[in-house]
Each structure stands twice: as C-alpha cells, then as structure tokens.
Ligand code: NDP
C-alpha cells in the first residue's frame, strides 16, 4: 500500500503549495526500517517572511468572521480527520515509529481537539462585571493576538499541532507553523485537511525546515506576536530569551522527569500495568513518560520481580505490526543518548536489572531499537534519576514513607506529571496537593492526558502557560477590557464615585 504519493513535500503558504526558496531538502527516515519516506524542504528565512505576510493579511479578515462560523471549519477538519483516521495513523507510525495502537490514539486526540475547540466558537467566554459608576457597563472580551507562530516536536507530531493551531484559529488568529523536520508528514496531511475543510487562504501556513533557520526566523518576525513552542529545555530557553528581548509572548512546554509512587498498600498488578504503559509506550519518548518509580521498600522486591517478568514479554519492532508493543527510537542520535545513560547509571552505582542495550539482531538492526531497561537501587540524586533520558529507561528508587516519596518526586528540575498507586484515600488527597507537577494521576501511570483539561507543567517544564483545554485560549488571545458609559456625562473612575 502506497500512502505517500509525493517525492518531496512543499510548503503551504497563502493557500498555495510552494517550493522553498532555498531549493534545499532533506530525507525523512522511517525509524523502524531506515527507509526514506519522502523529502522535506529546508526552507529559508524568506519563506517565513512570505508566510508571515500572508498570515497578517488573512488574519484581518478571519478575525471578523463570527467565531461560530470559524468553528464550522474546525468541525469539518474533525470530520475529515475522523474519516482519514487509519491513513493518518499509519503515516504517523511510519514517520515517528510509535506503535499503531498509540498512533490511532494520537490521531483521535486531534479529532477530539477539533470538536472541542469548535465548541469554543460558541463560547470564547469573557466576563461582565458591574461598574463602580452609575449608567456604565463593564466587560472583558477575548481578542485574537494576530499572527501566531507554532513550533512543534516530532514525538506527537499531530496531537501537539492540534493543541496549538485549533485554539489559535477558532480565536481568530492566523498561524505560521514550523513542524519538526523528522516528522513533517503529519503537518502536510493536516494542512491538506485544512485546505479541504475550506479554511481561507493564509489562515494557516506551514513552513518546513530546520529550527535554526525557520524557527529562528519566526522569532525575528515582528508581526508574529506569540510563539508557542513544545520541545527540549535547551531550545526553549533560547527561544524564551530571544522572545523576551522582543517583548513577544511565548508559551513553552518542555521536558519531564515523571515519577510514579508505589505505596505498600498498592494494587501491584495495576501498578505494573501503569508503569509499563507510561514508561515503555512511545519507547519512553513522551514528555510525560514515567522514568522514575519511588517504591515503598516493603513491596520493592515484588515489584522488581513482576516488572522484569512483564518487560520480558514486550514485543519490540516495527509498530505497523499490530502485535508490537514497543517501537523504535526516533533517530540514531536519540539512540546514542539513551545508550550513554546506561553507562552513566552503572558508573553511578545503580543496579541494571534488565535491558540497557541497542538491539542489533535480525530485523532490529534495520531500525533504532533500544531494549526496555530497568535500573534499581537508584539514589534520587543520580543523573539517571534527575535528567530527561527520553527513552525506555526506568529507575526504581526505594523509599521508606509517603513523605519521602513525595520529596524525591519533587526534587527534579521538571514538574510535568506524577502518579501514585495507593488504596489510602488520605494519601490520595495529600498527594494531589503535594506533588509539584502540572498533572497528577491516582492509580494510573503518568500518561493519559485528556484534551479538555490543561496540559503543562511547573518549574523547568514550562513558563506558566498551558496547552489544551480552555487554558490554551489564554496563549492565543489578549484580554480586552471594555467600558460603555451611557450616562451622557463624563464620569471619572475612582473620583466621581458617590
Ligand atoms: P527540540 O527542542 O530539538 O525541537 C523541537 C522543535 O523546535 C523542532 O521543531 C525543532 O526543529 C525546533 N527548533 C530547534 N532549534 C530551534 C531554534 N533554535 N529555534 C526555534 N526552533 C527550534 O526537541 P525535540 O523535537 O528533539 O523533542 C524532544 C524534547 O521535547 C524532549 O526534551 C521532550 O521532553 C520535549 N517535549 C516536551 C513536551 C511537553 O509538552 N512538555 C512534549 C513533547 C516533547 P527541527 O528539529 O526541525 O530543527
């Protein structure tokens, strides 16, 4: 079955499919097989400039379309995505490597977001509030920011794009989008869907290319008023600095070092399932992946044994095969990074229970496969317990109490997701209060966000903004306070108050 008909993708600017002005391109590689899927443009700064002017022009008209009508386009986008779910999922597995079941889940997340944000077209709630003066009306309304720039990573190439572009569009903005070079196919497919759904030209513009050229050029563009970024801390910090200099609004969603707490009264079978799913799903390349388990010493041995038994059953390979549970790492650089943490962990004195190697036998040598890995007797300050590895590597950290587990959970620079397995209702409520992360799960792993709730983290994970849910609208709108005085005379606030 041929799913990709093009040899080279094109940029989507002002409603037209255009070659990059640089004339340059690079190959998109299937991480499961190392085959080239398609070529993707490496655009120049001038392409960003063109996309920004198209967006600026289109936004003026788009902002005047009533929001419920803007939402109609998103409903159509959702319907087309639904109809095309299997095709999109297969393409997603091919370009990203995640197993097909997870790819279907990710595409579904985009569909859910389309319908949810379309609903916002009839809400976009502001506030009305009494004025302190007679015959005066006061309210606040959401106004679009104008042109927004979105920069997305390869690990959720369609879901994250929908978290950002759908709220931006329903709120009356136009978008310039730079997808990750590793996973441009989802962006290409989504742009085609927008086109088919009847989004006016210029409201979404996709410029493919490297972060250092296209991403940087987006930050330079004065007319791009917001940058919404998801990716690594290193790049996010750089973007924040540059946006700060330009007084540009910036929303950052970055790394995680997510922990699961397993208490001595936990349902261990459930805990094992939750850890496996959140640690080894997407080969540990989720920002919410579980990479630390704080286990009560009373159940440590049993948990170790059960986890090892279940890890041995995980099938690893090309995610298009329905029986595969763990796919490849995105590229060889990622693979080498994961491998380097195995030596770091051993040198630090952690005990390797299973995995810890690149898989190079049989079909595995064609792709970037890393064996699901479990360390135990990890100390909270070891690098493997502090740094984001972004691979299928879990560290078990023994603890003596709930308080110690919470303290260790909060001792990392990140604050995205955490979870606790316990039957104790008092500990459940204390945990949701004390775990310093943007997302907390009880009796589930660290992944599984639903699109109508805010998504993001505390501390080094972000800068206080949220994707997803109604909170996403705060990134893409400005609050405007409106006062209507119908008294027919000058009434001065704070002064003419009787
Ligand atoms: P990167 O930060 O390398 O890349 C993210 C995006 O930024 C890509 O589109 C990339 O472009 C672009 N980019 C790179 N350099 C620049 C630059 N100088 N200016 C502007 N844009 C730039 O991260 P990865 O894609 O490698 O993703 C992995 C990381 O992302 C992990 O650390 C993970 O934790 C984090 N992440 C966080 C999530 C969250 O919601 N908290 C969700 C998903 C991932 P290109 O690569 O094409 O050059």
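Readers should treat all values here as calculations from the given coordinates under stated rules, not as data from a laboratory. Worth saying up front: this structure is predicted, and the values here are computed from it rather than measured. Here the Cβ is made from the backbone with ideal geometry for all residues, glycine too, and neighbour counts use every protein chain on show.
Shape class for region 350-498, computed from the alpha carbon gyration tensor (a ≥ b ≥ c): prolate, with a/c not under 1.5 and a/b above b/c. Could you tell me whether region 174-232 comes out rounded, prolate or oblate from its Cα gyration tensor? Rule is a ≥ b ≥ c as square roots of the eigenvalues, rounded for a/c under 1.5, then prolate if a/b exceeds b/c, otherwise oblate. Oblate, since a/c reaches 1.5 and b/c is not below a/b.
Counting beta carbons within 10 Å around each of 429, 12 and listing the fewest first gives the order 429, 12. By the gyration tensor of its Cα atoms, with a ≥ b ≥ c the square roots of the eigenvalues, what is the shape of region 295-383: rounded for a/c under 1.5, prolate for a/b over b/c, or oblate? Judged from the Cα gyration tensor, region 295-383 comes out oblate (a/c at least 1.5, b/c at or above a/b). For a paramagnetic label modelled on residue 314 (point 7 Å from Cα along Cα→Cβ), amide N atoms under 11 Å away belong, within region 382-409, to 391-395.
Taking each residue as 0.36 nm, the span from residue 429 to residue 16 lengthens on full extension beyond its C-alpha to C-alpha distance by 143.4 nm.
May I ask you to order 130-137, 103-110, 458-465 by the average number of other C-beta atoms within 10 Å around their residues, highest value first?
103-110, 458-465, 130-137
Computed per residue of the chain from DSSP H runs no shorter than four, each worth -39500 (n - 2.57), the mean residue ellipticity at 222 nm is -11500 deg cm²/dmol. Could you tell me the distance between the Cα centroids of region 44-102 and region 332-383, to the nearest Å? So the separation of the two Cα centres works out to 37 Å. Each peptide in 92-99, 374-381 was scored by the mean count of other Cβ atoms within 10 Å over its residues; highest first, the order is 92-99, 374-381.
On the beta carbon distance between residue 493 and residue 143, with R0 = 22 Å, the FRET formula returns roughly 0.55.
The relative contact order of the chain, computed from alpha carbon pairs under 8 Å that lie at least 6 residues apart in sequence, is 18 percent. With the cut-off at under 20 Å, measuring from each backbone N in region 443-463 to a point 7 Å along the Cα-to-Cβ line of residue 82 picks out 450-453. For the pair residue 195 and residue 463, the difference between a 0.36 nm per residue extended length and the Cα-Cα distance amounts to 93.2 nm. For 5, 364, 452, 296, the sequence from fewest to most other C-beta atoms within 10 Å is 5, 452, 364, 296.
At a threshold of 8 angstrom on Cα-Cα distance, excluding pairs fewer than six apart, so keeping six or more, what relative contact order does region 183-314 reach in percent? Relative contact order, region 183-314: 18 percent. Legend: calculated FRET efficiency, residue 381 to residue 357, from the Cβ-Cβ distance at R0 = 35 Å, rounded to 0.05, equals 0.85. Here, P(r) means the percent of Cα pairs in each 10 Å bin from 0 to the largest distance; for the chain it is 4, 19, 27, 24, 15, 7, 2, 1, 0. A Förster radius of 35 Å, combined with the Cβ-Cβ distance separating residue 332 from residue 450, puts the computed FRET efficiency at roughly 0.55. Computed over every Cα-Cα pair of region 259-442 and binned at 10 Å starting from 0, the pair-distance distribution P(r) comes out as 10, 40, 35, 13, 2, 0 percent.
Extending 7 Å from Cα along the Cβ direction at residue 265 and again at residue 136 yields two label points whose distance is 5.7 nm.
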